[in-house]
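Novice: Could you have a look at this structure, given as structure tokens, before my questions?
The values are calculated or read from the model by the stated rules, or taken from the named source; none is laboratory data. A quick note: this is a predicted structure, and the numbers were derived from the prediction, not measured. Positions of Cβ are backbone-derived with ideal geometry, glycine not excepted, and every protein chain shown enters the neighbour counts.
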Amino acid sequence: MRDFNKLKKLYWLQLLAVFLLGGYLLFFGQWRIESNLLSILPHSAQQQDFSAAEQALFKSKSQQLLVLIAGDNALKAHDALAMKVHDVANVSLAPLIEPSLTDIAEFYRPFRHNFLTSSYLEHLDNSQALAQLATKQIIQVANPFVSETIATAPRLNLAEYLQVALSNLADVEFDQGVAFVNVQGQRYLISRLQVTLDGLDLNTSVDISAKLQQLFNDIRNVEKVELIYSGILFHTAESTRQAKTEISTFGVLSLVAVLLLIWSAFRSMLPLWSAVLVLSIASAYGFIAILLFFQSLHLLTLVFAITLIGVVIDYCFHALVYADRQKNLQQDQKSNPLTKPLVLGFITTAIGYFILVFSPLTLLSQVAVFMIFGLFGALITVLALLPQLKGFNKITSSASAVAFSQQGVNVFSNLVRYKKMIISLLVFSLVSLAVLAPIKFDDDVRLLNSSPKWLIEQEISVAKALNYHHSQRLIIKAKTTQEMLEIQEQVIDRVLANQANIRVKGINKLLPSIKRQQQHHALLAKADEQGHFQAVLALSGLDDPVNAFKPLTFQDFLQGPLAAIGESYIAYYDTGNGLEYASWLELSQAPLSAENLLWLAENPHVSLYDTASDVSDALGQYRQGILWLLASAFMVVVVILFAKYGLKAGALSAIATIGSALLALTLSQLFSSHLNIFNLLAVLLIIALAIDYVIFYQEHGLQVKTFLAISLSALSSAAVFGILVFSATPAVSSFGLTVMIGIVSIFILAPIATKNINLNDMRSS
Amino acid sequence: MTLFERSNVIAMLLLMLVICFSAGAENYPDEPLNQPTLSTMPIASGSFVQRKYFKVLKHPIKSQGELYFDVSIGLLWQTEQPIYSALLLKKSGLFTENGTGDSQELKGASAISQVLLNIMSGDSEQLAKNFTINASTIDHCLSLTPKLTQLAKIIDNVQLCHINTPEKNQQNLNDINHIVLHEHSGNRTEITLQLTPMTMLPEAVRARLQ
């Protein structure tokens with residue numbers, strides 16, 4: 001008695017402490033909510049190494065939105081957007097600026113002997129060829145590069161160099177100050193918008209996205225133009241909206257389904273309130289644990305966390321079904337028939353989730369922490385609080401529930417007679433399915449994209465119009481700008497040596513390394529000394545002595561008229577051990593060959609910036625790890641069940657547990673064209689749940705009470721996980737489908753595997 | 001092979017614009033008699049002599065060659081002297097061609113191509129949109145000021161003139177045969193044309209423009 005009072009006090013004390021901690025974390029903790037799927041997916045070691053460079057290079061771009069407008073009234077629509085976008089808070093116009101050619105020519109003039117195009121380099125020892133190159137330029141009708149540079153750089157090497165360098169970057173053209181691109185004869189005017197608020201919260205994203213979409217629709221309707229847009233903001237807003245809808249819809253549906261089950265099984269209010277109390281405390285424990293261990297809470301975690309209802313309610317059902325056996329609990333807690341199976345069940349489920357805590361997927365770590373702490377809160381509440389509720393030990397199952405359970409026991413008792421046949425059928429089905437439809441995984445992270453189709457299509461249209469749809473990006477980083485520029489040149493030389501058809505877009509031409517500038521200067525000076533430029537200079541009759549080498553540095557460049565282009569291609573950041581510099585290159589017209597990819601992969605200064613394939617690779621590696629983990633889990637299950645229940649019962653229990661897991665996986669593949677890592681993770685959970693069912697049957701035998709408790713648990717879990725199948729997020733729906741199939745399978749297989757059958761249990765109790 | 005400047009393309013296009021300017025002739029019925037007239041000439045071939053005057057040079061730089069155009073397929077501007085070079089405006093874009101026939105696309109001039117196509121197809125509305133057209137102070141000349149920023153950045157003004165030559169390039173004495181492109185830098189390009197209308201371009205030229 002004294003022990004129980006001590007336990008009661010302890011329970012209330014810890015509950016108070018947990019809620020105080022929760023309140024503190026909620027109101028004073030540094031936490032935020034996220035909805036970007038990529039932020040919770042794994043990253044490869046190389047990507048982690050380059051994450052600071054990526055952040056520095058692409059952070060501001062990730063806050064940019066692009067709007068493309070086409071049609072007869074495109075200019076009017078463009079102007080209307082420019083005017084009205086200021087009404088949308090936290091968004092401003094970021095116009096694309098066209099640099100002045102006069103300024104550019106003037107800027108490069110002091111460095112004019114440092115720049116040679118490949119054509120000039122090729123013919124430096126051939127006076128006639130050099131003269132032809134210059135003549136071709138000079139006879140062109142109105143070449144602004146020649147006009148701007150001929151007086152100061154009469155070799156015309158600078159004119160050709162600037163023309164080549166600038167045309168290489170010029171996918172975008174300008175008309176009356178408005179940037180545009182032509183796509184199959186259609187002109188699309190480009191507006192660039194910048195989200196000005198750093199670190200947008202999700203509600204603000206949804207708000208901005210809604211206002212902008214309304215503005216876009218108004219412009220479309222008024223001006224009758226085609227308007228397409230892209231930007232991460234829109235995806236964030238859509239994911240947020242979708243996750244919120246699912247959390248509320250699925251949460252309510254799950255709760256209603258579970259409460260209906262309780263009502264149908266017990267026909268009184270106390271079980272309902274008990275369940276709501278346990279569920280509330282469990283959810284609070286899970287949520288507080290997330291706040292304690294993570295700085296951000298992903299909305300998808302909450303979608304997955306709805307499954308807590310399905311598992312926690314198992315504890316409630318067991319407590320409710322066995323409520324009348326807890327009459328003497330206050331005298332002797334150890335006599336509680338639920339303590340052992342519930343604690344065992346918690347330990348096995350918690351172990352299942354604990355494995356996920358160390359997952360490289362933050363999402364899974366969050367879900368696992370939420371579930372472990374939620375289940376712990378539920379367990380101690382069921383064991384310590386529910387028996388104290390007035391009238392709890394008088395709760396009895398309804399007559400219809402008992403009748404249903406009796407029927408179930410009868411059916412399964414009969415089925416047990418055919419257990420050999422059923423098990424043979426299970427093994428045969430699994431083998432057949434494995435042969436006919438071998439399990440295949442697709443780790444492509446794009447298959448997990450939950451953005452709506454219309455938004456993805458717009459994104460693709462914009463990418464195609466701006467010519468980066470199939471481009472690849474390389475990031476180059478180094479300790480100094482010059483080292484970075486030199487590595488960048490080595491990379492380009494190497495890539496083009498193997499694949500001359502690749503188009504390289506970057507800052508490399510406008511800002512070559514000092515080393516390369518010096519090489520070009522020396523070559524030009526040598527050719528000049530040898531008199532190879534005499535014919536060229538004779539064309540204009542102008543003189544241009546080659547001066548001592550003066551390099552164009554990164555710092556000079558940032559002071560020049562092309563500084564904006566420089567800043568969009570080069571960034572620097574503090575690594576803690578000093579500054580580091582990074583630049584990026586856009587490669588298009590052909591994908592990088594395997595040879596080039598291999599060479600790049602071996603270069604520690606270079607990384608292929610392809611988030612999708614990088615995450616997919618990491619998911620693939622993680623999936624391999626999970627497969628090994630599953631194999632180990634199967635072994636552990638077999639050993640435990642054999643050790644605990646002997647050879648025959650242990651074997652039957654193991655077959656039921658592992659069989660239901662494998663059946664869930666193979667059947668999931670029949671329902672969806674491919675399996676992903678979330679199907680596999682669901683299998684881990686199935687094992688954790690299945691072993692609970694098996695243990696309950698092995699401990700209590702196939703009897704009416706056990707069958708009723710497990711039926712209610714299975715039904716509620718199947719309903720909760722089954723609802724997830726309807727999620728628009730493929731990760732959630734895959735997970736829900738596999739767990740639901742697994743629960744149905746173990747519900748059928750677990751009683752067949754039991755060694756004890758007691759038809760008179762309900763009557764005797 | 002050396003790349004051709006986009007500006008050259010622009011200038012060629014301007015030239016084409018001038019050649020095909022006739023499409024808008026009906027829009028200026030009240031022009032004084034001493035101004036050149038524009039007549040429709042959708043397909044033609046001819047020769048050109050170009051003189052470039054740079055402020056820093058004492059003498060102009062002269063070049064000459066042939067040209068072919070068909071508004072439905074494009075333009076071939078081929079310099080023969082002092083060196084060979086060719087510019088092709090096709091439906092698919094703008095290309096330079098070297099002596100061995102290898103061509104290279106010049107990206108970024110598509111807007112001008114589109115403007116030109118509008119002009120060539122006789123879209124007078126587009127023509128008026130792209131240029132402000134005035135009577136020139138010089139006899140037998142029109143003055144065109146580009147509205148299009150891309151053109152306006154390079155060209156300050158275009159003069160379209162008729163100069164009497166011993167060989168008349170067309171039936172109509174007032175047709176344009178001399179173009180002066182004035183750049184902002186003070187440099188200018190003078191082009192003298194001799195054009196002959198055709199019903200169809202030679203097959204070899206058509207093949208290059210396809």
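Novice: Which of the residues belonging to region B:77-91 are surrounded by 20 or more Cβ atoms within 10 Å (Cβ to Cβ) and over 19 Å from B:Glu190 (Cα atoms)?
Specialist: Scanning region B:77-91 gives B:Leu88, B:Leu89.
Novice: Then there's this: Of everything in region A:96-153, what is outside any loop (DSSP other than H, G, I, E, B), more than 10 Å from chain B (Cβ to nearest Cβ) and touching a Pro at 6+ places or on another chain (Cβ under 8 Å)? Give them in sequence order.
Specialist: A:Asp103, A:Ile104, A:Phe107, A:Phe111, A:Asn114 - these are the residues of region A:96-153 that are outside any loop (DSSP other than H, G, I, E, B), more than 10 Å from chain B (Cβ to nearest Cβ) and touching a Pro at 6+ places or on another chain (Cβ under 8 Å).
Novice: Sticking with this structure for a sec: Just to be sure I understand, how many residues within region A:516-566 are in a helix (DSSP H, G or I) and within 14 Å of chain B (Cβ to nearest Cβ)?
Specialist: Residues that pass the stated criteria total 6.
Novice: Keeping to region B:68-93, report how many residues are touching a Gly at 6+ places or on another chain (Cβ under 6 Å) and more than 10 Å from chain A (Cβ to nearest Cβ).
Specialist: The qualifying residues number 4.
Novice: Still on this structure: Any residue that is outside any helix (DSSP H, G or I) and surrounded by fewer than 17 Cβ atoms within 10 Å (Cβ to Cβ) - is there at least one of those in region A:312-327?
Specialist: Yes, there is a match, as at least one residue in region A:312-327 is outside any helix (DSSP H, G or I) and surrounded by fewer than 17 Cβ atoms within 10 Å (Cβ to Cβ).
Novice: If you take the residues of region B:54-67 that are at the interface with chain A (Cβ under 8 Å from one of its Cβ atoms) and assigned to a strand (DSSP E or B), which of them is nearest to B:Ile191 (Cα to Cα)?
Specialist: B:Ser63
Novice: Every residue in region A:714-738 that is more than 21 Å from A:Leu259 (Cβ to Cβ) and in a helix (DSSP H, G or I), please.
Specialist: Result: A:Pro730, A:Ala731, A:Val732, A:Ser733, A:Ser734, A:Phe735, A:Leu737, A:Thr738.
Novice: Let me ask another. Which of the residues spanning region A:192-251 are among the acidic types (Asp, Glu), surrounded by fewer than 19 Cβ atoms within 10 Å (Cβ to Cβ) and farther than 17 Å from A:Ser62 by Cα?
Specialist: Residues satisfying the conditions are A:Asp207, A:Asp218, A:Glu226.
Novice: Could we say that A:Val258 is surrounded by 15 or more Cβ atoms within 10 Å (Cβ to Cβ) and in contact with a helix residue (DSSP H, G or I) (Cβ under 7 Å, 6 or more places away or on another chain) here?
Specialist: yes
Novice: Hey, among the residues in region A:627-665 that are under 25 Å from A:Val445 (Cβ atoms) and surrounded by fewer than 21 Cβ atoms within 10 Å (Cβ to Cβ), which one's modelled with the lowest pLDDT?
Specialist: A:Leu629
Novice: Restricted to region A:476-488, and to residues that are over 16 Å from A:Gly566 (Cβ atoms) and part of a helix (DSSP H, G or I), which residue is nearest to the chain's Cα centre (by Cα)?
Specialist: So the residue we want is A:Ile487.
Novice: Could you tell me whether any residue of region A:412-427 is more than 29 Å from A:Thr307 (Cβ to Cβ), among the hydroxyl-bearing types (Ser, Thr, Tyr), at pLDDT 85 or above and touching a strand residue (DSSP E or B) at 6+ places or on another chain (Cβ under 6 Å)?
Specialist: Yes, there is a match, as at least one residue in region A:412-427 is more than 29 Å from A:Thr307 (Cβ to Cβ), among the hydroxyl-bearing types (Ser, Thr, Tyr), at pLDDT 85 or above and touching a strand residue (DSSP E or B) at 6+ places or on another chain (Cβ under 6 Å).
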